[in-house]
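Beneath this line is the structure, given in structure tokens, with notes to follow.
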């Protein structure tokens, strides 16, 4: 695994990027189906869980304000010293027929 660079940014080829994006609805998951989230918090927990395996996390002071059935939000990604090392960009949409959420997430 490549480390976070000395300039304090997540490397473009760091595996956390692909794993994080893998939580996006429509991504193939090993159990043979795509992942739709029953709540917004379940989606955020999934994305944040990936970050935590690399000693990273979403900015704890910015985990509210996911208003509405459709939206977009950018949150800082922090290392274990609370330094910002990247940004997580999210978009969500609540599906009418099931009430579940489609989520897109990626790191920049």
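Residue-wise test of (1) at positive phi; (2) assigned to a strand (DSSP E or B); (3) touching a strand residue (DSSP E or B) at 6+ places or on another chain (Cβ under 8 Å).
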| position | (1), (2), (3) |
| --- | --- |
| 51 | no, no, yes |
| 91 | no, yes, yes |
| 96 | no, no, no |
| 103 | no, yes, yes |
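For segment 32-48, does any single residue satisfy the condition of being exposed (fewer than 14 other Cβ atoms within 10 Å of the Cβ), more than 14 Å from the chain's Cα centre (by Cα) and closer than 23 Å to residue 13 by Cα?
No, segment 32-48 contains no residue that is exposed (fewer than 14 other Cβ atoms within 10 Å of the Cβ), more than 14 Å from the chain's Cα centre (by Cα) and closer than 23 Å to residue 13 by Cα.
Given 70, 59, which one is at pLDDT 95 or above, farther than 18 Å from residue 21 by Cα and surrounded by 11 or more Cβ atoms within 10 Å (Cβ to Cβ)?
70
Are any of the residues in segment 69-78 assigned to a loop (DSSP other than H, G, I, E, B), free of Cβ contacts under 8 Å to residues at least 24 places away in the same chain and either out of contact with any helix residue (DSSP H, G or I) (no Cβ under 8 Å at 6 or more places or on another chain) or over 14 Å from residue 108 (Cα atoms) (or both)?
No: zero hits.
So, of the residues in segment 1-34 that are in contact with a helix residue (DSSP H, G or I) (Cβ under 8 Å, 6 or more places away or on another chain) and modelled with pLDDT of 75 or more, which turns out to be nearest to residue 89 (Cα to Cα)?
Once the filter is applied, the top-ranked residue is 20.
So residue 47 ticks every box in (1) touching a helix residue (DSSP H, G or I) at 6+ places or on another chain (Cβ under 7 Å); (2) part of a loop (DSSP other than H, G, I, E, B); (3) modelled with pLDDT of 75 or more but one. Which box is left unticked?
Exception for residue 47: condition (2).
The values are calculated or read from the model by the stated rules, or taken from the named source; none is laboratory data. Fair warning: this is a prediction, and the values are worked out from it, not measured in the lab. Virtual Cβ from ideal backbone geometry, glycine too; neighbours counted across all protein chains shown.
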